[in-house]
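Asker: Please see the structure below; I have some questions.
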Amino acid sequence: MKPQEFARRRRQLSRMIGKGGVAVLAAAPVRMRNRDTEYPYRQDSDFYYLTGFNEPEAVAVLVPGRAQAEYIVFCRERDPAREAWDGPRLGPEGVIGDLGADDAFPIEDIDDILPGLLESCERVYHTMGAHPEFDARVIGWVNALRERGPDTHAPQEFVSLDHLLHDMRLYKSRAEQAAMRRAARIGVAAHLRAMRAVRPGMMEYEVEAEFLHEFRRHGAVPSYPPIVGGGNNACTLHYIANAARLADGDLLLIDAGCELEHYACDITRTFPVSGRFSDAQRAIYDIVLEAHDAAIAAVAPGRHWNEPHDAAVRVITRGLRGLGLLDGRLTTLIKEQAYRRYFMHKTGHWLGMDVHDVGDYRVGDVARMLEPGMVMTIEPGIYIPRGLRGVPKRWQGIGVRIEDDILVTRNGCEVLTAGVPVEAQAIEALMAAQAAA
Ligand code: GLY
Ligand code: MN
Ligand code: MN
């Protein structure tokens, strides 16, 4: 993403904060996996959104209207000896030259410099709770000013930064939409590859490996641990062990997506290991597909956040009732949420830099109205684990979810992940073509 995109975001936030405000954001810390081995570094999404800076041990400060410098960054200095181990650092000069900071200082100097930046401000905009140690430091810098005595001005107010920033992040710019299309394209390729690769007898982790290879070969990483669940494992919503053998005759549920340039995709497909749905599997599958289609049809500007979910609930409840898996009046079953026995999660979530992205789902008492630029998932499912009481055997061990990523457009919506087939027949045709090849 170009530096101008980040500059535009900082200008937008600065306008909202206004003169007298100061925003303070910390980079994500390096996290240890065990002993001296680190997890791959992932920058804090808010921090990256405003800075485009991908290093730990940094603090960004935005002081709208300040004469000398409005955008100041504290970061690690260049250090050839350390860089030989950990790779290059931008250093203060690089942050000014490459990332458009007005001024930049070594992170070691922050206690001396930052209180001075806060002194002229009334309101400190900060995201409390994301990094508790950093919260304590921000309070410490304000207190340091207060302790200087009555002649020193100190900000009087802490304001939640996430409220402003997360509303900005909810509306994806053209550059962000393009990034999300790129991530989606890789996710789609990986799902197609898996559909072609699956054979009875394979291990779930072998299928996972197809995803990891496809992601990494395009420079992407998984945006969450892939879920590759055959048969009954599909009924465990967060199944990530991926350690079982795929049985002929079972369905396989794969929920896997990648992150590219800090933007995520999130895709689920469910298909038969053998390449052919059984009648029972197909009956459940087609209900979920109908719910998926009905939910997507409810995504358009002016519709509300709850409408896709309500549409999916109606289709799933009616379908399960038709199969005899729910018993009662349709309206009563919906009102009493009887479907939750089989469909226990929401139909979607915001999607962006985080898989479960930021942004309010309600405004006051009302579900949020959908507007162009918002991106959400649509992911209805039906899960009937083995041993579920009162359910005939033929339905047991079937778990189905279908998940796509949807951009709200001016006229309706765009399915970013439409490249992976969802129709049962189309999936069977794709798998049959592969088997014949
Ligand atoms: N993969 C996480 C989700 O579908 O929400
Ligand atoms: Mn999802
Ligand atoms: Mn998912």
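Asker: Cα centroids of the stretch 221-279 and the stretch 150-206: how far apart, whole angstrom?
Answerer: Taking the Cα centre of each part, the stretch 221-279 and the stretch 150-206 sit 20 Å apart.
Asker: While we're here: Starting from the Cα of ARG217, step 7 Å along the direction of its Cβ; do the same at TYR205; then give the gap between the two resulting points in nm.
Answerer: Once both label points are built, they end up 2.1 nm from each other.
Asker: Once Rh for the stretch 75-117 is found with the Kirkwood sum over Cα pairs, what is the Stokes-Einstein diffusion coefficient at 10 °C and 1.306 mPa s, in µm²/s?
Answerer: Rounded to a whole number, D works out at 142 µm²/s.
Asker: Which trypsin sites (Lys or Arg not before Pro) does the stretch 73-136 hold that lie in a coil by DSSP with at most 15 other beta carbons within 10 Å? It would help to have the intermediate numbers written out before the result.
Answerer: Numbers: sites: ARG76, ARG78, ARG82, ARG89, ARG123; in loops: ARG76, ARG78, ARG89.
Here the trypsin sites (Lys or Arg not before Pro) that fit, given the DSSP loop and packing criteria, are ARG78.
Asker: Kindly work out what percent of the DSSP beta bridges joining two residues of the chain are antiparallel, to the nearest 5.
Answerer: DSSP beta bridges in the chain are roughly 80 percent antiparallel.
Asker: Would you mind getting me the FRET efficiency between LYS393 and HIS238? Use the beta-carbon distance for r and R0 = 45 Å, nearest 0.05.
Answerer: 0.95
Asker: Same structure again: For the stretch 194-272, just run the numbers: alpha carbon Rg, then divide by 2.2 N^0.38 Å, N being how many residues it has.
Answerer: 1.04
Asker: Between the stretch 371-391 and the stretch 43-64, what is the separation of their alpha carbon centroids in Å?
Answerer: Computed from Cα coordinates, the inter-centre distance equals 35 Å.
Asker: Looking at the stretch 22-179, send over the antiparallel percent of its DSSP beta bridges, to the nearest 5.
Answerer: Bridges in the stretch 22-179 are about 50 percent antiparallel.
Asker: Now, a different point. Need one number for the stretch 371-415: average projected area of the convex hull over its C-alpha atoms, nm².
Answerer: Computing the convex hull of the Cα atoms and averaging its projections yields 4.2 nm².
Asker: Under a crude label model (7 Å from the Cα following the beta-carbon direction), how far is GLU5 from GLU133 in nanometres?
Answerer: Placing both labels 7 Å along Cα→Cβ, they lie 3.1 nm apart.
Asker: For the chain, what does -39500 (n - 2.57) per DSSP helix run (n ≥ 4), summed and divided by total residues, give at 222 nm, in deg cm²/dmol to the nearest 500? Mind showing how you got there, number by number?
Answerer: Values: 13 runs with 166 residues, N = 437.
So the helix-based figure for the chain works out to -12000 deg cm²/dmol.
Asker: Could I ask something else about it? Can you give me the orientation-averaged projected area of the convex hull built on the Cα atoms of the stretch 311-377, in nm²?
Answerer: So the Cα hull casts an average projection of 5.7 nm².
Asker: Roughly what % of Cα-Cα distances in the stretch 107-198 sit above 20 Å, to the whole percent? Don't jump to the answer; show the numbers that get you there.
Answerer: Working: 2443 of 4186 pairs.
I get 58 percent for the Cα pairs in the stretch 107-198 exceeding 20 Å.
Asker: Across every pair of different alpha-carbon atoms, what Kirkwood hydrodynamic radius in Å does the stretch 1-57 reach?
Answerer: When all Cα pairs of the stretch 1-57 are included, the Kirkwood radius is 13.0 Å.
Asker: Here's something else I'd like to know. Give or take rounding to whole Å, what are the principal axis extents of the alpha carbon atoms in the stretch 150-226, in descending order?
Answerer: Largest to smallest, the principal-axis extents are 75, 28, 18 Å.
Asker: Scanning the chain for GluC sites (Glu not before Pro) in DSSP loops with at most 13 other Cβ atoms within 10 Å, what's the longest stretch left with none?
Answerer: With GluC sites (Glu not before Pro) excluded where exposed in loops, the chain gives 148-335 as its longest stretch.
Asker: Between ALA283 and ASP327, with labels modelled 7 Å along Cα→Cβ, what's the label distance in nm to one decimal, could you check?
Answerer: Here the modelled spin labels are 1.6 nm apart.
Asker: Still on this structure: What is the dipole size for the stretch 276-401, taken about its Cα centre, with +1 at each Lys and Arg Cβ and -1 at each Asp and Glu Cβ, in debye to the nearest 20?
Answerer: So the magnitude is around 780 debye.
Asker: Rounded, prolate or oblate: which fits the chain when a ≥ b ≥ c are the square roots of the eigenvalues of the alpha-carbon gyration tensor, with rounded for a/c under 1.5 and prolate only if a/b beats b/c?
Answerer: It is prolate, given that a/c is not under 1.5 and a/b is the larger ratio.
Asker: Hey, another quick one. How many percent of the accessible area of the chain is carbon or sulfur, using a 1.4 Å probe?
Answerer: Roughly 50 percent of what the probe reaches on the chain is carbon or sulfur.
Asker: Counting C-alpha atoms alone, how compact is the stretch 343-437: give Rg to one decimal and Dmax as a whole number, in angstrom.
Answerer: Rg, Dmax (Cα atoms, Å): 17.7, 56.
Asker: Can you compute the FRET efficiency between ASP360 and THR409 using 1/(1 + (r/R0)^6), with r the Cβ-Cβ distance and R0 = 25 Å? Round to the nearest 0.05.
Answerer: Efficiency, from the Cβ-Cβ distance: 0.75.
Asker: Here's another thing I want to ask about it. At most 14 other Cβ atoms within 10 Å and a DSSP loop assignment: could you name the trypsin sites (Lys or Arg not before Pro) in the stretch 297-353 that fit?
Answerer: Numbers: sites: ARG303, ARG314, ARG318, ARG321, ARG329, LYS335, ARG340, ARG341, LYS346; in loops: ARG303, ARG329, LYS346.
For trypsin sites (Lys or Arg not before Pro) across the stretch 297-353 that sit outside H, G, I, E and B with at most 14 neighbouring Cβ atoms in 10 Å, the list reads ARG329.
Asker: Can you tell me the accessible area per residue over the chain, all protein chains present, probe 1.4 angstrom, in square angstrom? Please report the intermediate quantities before stating the final value.
Answerer: Values: 20010 Å² over 437 residues.
I get 46 Å² per residue for the chain.
The values are calculated or read from the model by the stated rules, or taken from the named source; none is laboratory data. Given the structure is predicted, the values throughout are model-derived calculations rather than measurements. In this analysis, Cβ positions are derived from the backbone assuming ideal geometry, glycine residues included, and neighbour counts consider all displayed protein chains. Side chains included, ligands, DNA and RNA excluded: accessible areas come from the protein's heavy atoms. Shrake-Rupley method; radii C 1.70, N 1.55, O 1.52, S 1.80 Å.
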